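Every number in this text was worked out from the coordinates using simple rules, so none of it is lab data. On a predicted model such as this, the values are computed, not experimentally measured, just so you know. Note: ideal-geometry Cβ built from the backbone for every residue, glycine included; neighbour counts use all protein chains shown.
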Amino acid sequence: MFRYLIIFILTISISYGNDDIYIKTKDLKLIDLVNITSKAINKTIVLPAKFSGNINLIQNTSVNKNDLLDILTIVLEQNNYKLIKYNNILKVIKVDKSKRKKNKKIPKEYIVITKVVHLQNAKASNIQKVLSPIINKKPKKNKKQKLYISSDDESNSIILLGPIKYVNEIQKLVLELDNYRAQIYVTAKIIEISEIKTNDIGVKYGLNGGITGSNGLFTFASALGGEAIPIDTSGIGLAIPSITSGVALGASINLLNIDGALDIVSQPSLLCINNKESSIYIGQTKSLKIDSSLNTTGTITDQSFQREDIGLKLVITPRISNKNKVLLEVETTIEDVRNTTTNGQPDTSKKQIQTTAIVNTGESVIIGGLTKSSRETMQDNVAGLSNIPFIGDLFKNEKDIKDKVNLIIIITPYIIPESKDLTYIRKQLTQLKIIEDKYTKDIKKFFEDKEKTTAINKN
């Protein structure tokens, strides 16, 4: 009677990629691993007549064919088997437990263990990518000292298999990399400012200098903040060093918006993870004609259109540089359709700004320099008379007004304290908005009273 079974090259359902093999270890038995190894390395493996065992291994990434035999050797040892080689044939033999006890004690560094490390913050596959090169470069005296690392994204865990000494070392690295990642709440205001209307506002409120650009807006806000009107921010729990200037900036935007000199296009907000890119797109998709065909009579017979994204894209990467400072990497791209055409096809424009700035939490970065020209037809008429047929046009006056519109983006980061959450930040910003609105009313009343006093003095 034969005491051994022979495992020949079997047809196993495994995936190959060059020299890499992907194995699904769910419900995998020891005999299955032997079959897979036999097929992968193209060798015959002889097994004992009674052969069984369990696999304490999780592998969700591909392994090299050269490593597969090492893994089988380790798993066999865990099940009291030993793999030996006869010429080109491999043989599995049962190891007597009683004899093993008499053998020399295995050094601790050779004791093979499997450890599962559950992650709280980082993504398991990302940690594996970082540590795999380190593990592969680690010097080894023999194959028994080899360490294997895998990841399971479903449970967000790292699986380590190898000598206990190295497993513990890598586990420490895993826990250090799995640290808390701070969050930054970033608010943005995208506004358009009319050059003509803001100049009129400057004259109205007695403020010198143009305020259409980003520098002018900051100057305008400083002028408002310099008025003798106190700003009470005692109810705000956020540690914002420049909270007063921030309120003044918000009030200046509100004031210009009320007077029609400024239009708030959008106010998006992003919850970002420290040192991770976030983006937002504001716009629409338009169909642009890119080609057309004419027949002999000049009639259009065929037209080709292409869908294009037209709008503004904002890409932000925040990085906390110290306790209350944030390094902001900002990239702004604006794409638009121009009124001009080339060969009957519409022209598009693209404007892009990239900048890096370090600001305090709650402090704003103002991005400007994105301008466009606008043309508007204004009509004045005499009420009643302008509606008389035939002669009504005599009581109408039309004029073209050319204006320059500045697109300005104001970005403000807020570091979320480790002990707080997003709800806390939103409540604090709501309180800040209430203070800002109150200050806007106070400053507007201040200027209106100032204007009345000036008019009385002139008379």
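Details
- Subtracting the Cα-Cα distance of Asn324 and Leu177 from their residue separation scaled by 0.36 nm leaves 50.7 nm.
- Relative exposure of Thr73, Thr453, judged by other C-beta atoms within 10 Å (fewest first): Thr453, Thr73
- Note on Asn87 and Lys313: the model spin-label points, each 7 Å out from Cα along the C-beta direction, lie 6.5 nm apart.
- Phi-based couplings in Hz for region 405-410 (Karplus 6.51, -1.76, 1.60; Gly and Pro marked x): 10, 9, 8, 10, 10, 10
- Legend: residue pairs Lys29/Lys172; Lys50/Lys82; Lys404/Lys444; Lys189/Lys323, Cα-Cα distance threshold 19 Å; pairs beyond threshold, Lys29/Lys172; Lys404/Lys444; Lys189/Lys323.
- Ranked Arg307, Arg426, criterion: other C-beta atoms within 10 Å, fewest first: Arg307, Arg426
- For region 115-179, the ratio of Cα radius of gyration to the globular rule of thumb 2.2 N^0.38 Å stands at 1.05.
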